[in-house]
1. Kindly list, by first and then second residue, each pair from a residue in the stretch 90-113 that is among the acidic types (Asp, Glu) to a residue that is surrounded by 13 or more Cβ atoms within 10 Å (Cβ to Cβ), limited to pairs with Cβ atoms under 6 Å and residues at least 6 apart or on different chains.
2. Which of the residues belonging to the stretch 165-188 are surrounded by 23 or more Cβ atoms within 10 Å (Cβ to Cβ) and free of Cβ contacts under 8 Å to residues at least 12 places away in the same chain?
3. Evaluate the following for Ser139: is it without any contact (Cβ under 8 Å) to a residue 60 or more places away in the chain and either open to solvent by 40 Å² or more (accessible area, probe 1.4 Å) or under 22 Å from Pro79 (Cα atoms) (or both)?
4. Would you point out which residue out of Lys130, Lys155 is more than 25 Å from the chain's Cα centre (by Cα), surrounded by 15 or more Cβ atoms within 10 Å (Cβ to Cβ) and of a type outside the set (Val, Ile, Thr)?
5. Taking the stretch 85-99, which residues are open to solvent by 30 Å² or more (accessible area, probe 1.4 Å) and of a type in the set (A, V, I, L, M, F, W, C)?
6. If we keep just the residues of the stretch 114-127 that are out of contact with any helix residue (DSSP H, G or I) (no Cβ under 6 Å at 6 or more places or on another chain) and either over 18 Å from Ala179 (Cβ atoms) or not aliphatic (A, V, I, L, M) (or both), which is surrounded by the most Cβ atoms within 10 Å (Cβ to Cβ)?
7. Filter the stretch 59-84 down to the residues that are open to solvent by less than 40 Å² (accessible area, probe 1.4 Å) and within 20 Å of the chain's Cα centre (by Cα), then identify the one that is farthest from Ala148 (Cα to Cα).
Amino acid sequence: MSRLGGVRHWRYTAALAAAVLGGGGLAGCEYHDGSNEPAGDATATVNAQPPTVSHEKPTHVVELEQGNRAKLNEVLGVPTSDTYMAVTEMISGGMNSFVVNGRVPADGSYDITMACIGTSQARMVLDQRKPGGSSLNHSFDFTCGTPAVQTVDLKSGGITVDVINGEVDESEWGTGAFASVRITAAMH
């Protein structure tokens, strides 16, 4: 920095740039009468309070979500003691999918139980990286309202599960849809 005048040179350059940018921003102003000059009695006003936007969910949406989650719990029942993953998340509105990581304890067959409420269908994608860089991928589409069970062979170690709503909902609050995935030791 010393070759260019050190800190002092940098400060002057920054001040000059701010003045040019600030002045350039004002140079393009047009006033209410269509001229480029402010009226003699013009004063600047600053709105101290930005407009408030409520991001609180409406009561009917909260009730819908609670009802759908309760229905999903009824459909699936209580997780068993050999459950290695049990996750329930929203797949509606701004949250049309979710991703979770987990582990299975040993090589073997596992039952994946999938269910959803509040939409018509969803997709579950399970990915497991194997040593050496290759991966096992399983993808299942399932209809909502009843549990769907798929048996897959997995290796001991980490897994990634992604659940995606089959009917993308662009509304702010959505349909209150939830999905659940449970991974247990396979029933023989």
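1. These pairs meet every condition: Asp107/Lys155; Asp111/Val149; Asp111/Thr184; Asp111/Ala186.
2. Within the stretch 165-188, no residue meets the criteria.
3. Values: without any contact (Cβ under 8 Å) to a residue 60 or more places away in the chain: yes; either open to solvent by 40 Å² or more (accessible area, probe 1.4 Å) or under 22 Å from Pro79 (Cα atoms) (or both): yes.
Yes: the conditions hold for Ser139.
4. Numbers: Lys130 fails: surrounded by 15 or more Cβ atoms within 10 Å (Cβ to Cβ).
Being more than 25 Å from the chain's Cα centre (by Cα), surrounded by 15 or more Cβ atoms within 10 Å (Cβ to Cβ) and of a type outside the set (Val, Ile, Thr) holds for just one of Lys130, Lys155, which is Lys155.
5. Within the stretch 85-99, Ala86, Met90, Met95, Val99 meet the criteria.
6. Cys116
7. Within the stretch 59-84, the subset open to solvent by less than 40 Å² (accessible area, probe 1.4 Å) is 61, 65, 67-68, 72, 76-77, 83.
From what's left, within 20 Å of the chain's Cα centre (by Cα): 61, 65, 68.
Numbers: Val61: 27, Glu65: 21, Asn68: 17 Å.
The extreme case among them is Val61.
The values are calculated or read from the model by the stated rules, or taken from the named source; none is laboratory data. This is a predicted model, so every value here is computed, not measured. We place every Cβ from the backbone using ideal geometry, glycine too, and count neighbours over all the protein chains shown. We work out accessible area using only protein heavy atoms, side chains counted, and drop any ligands, DNA or RNA first. Shrake-Rupley method; radii C 1.70, N 1.55, O 1.52, S 1.80 Å.
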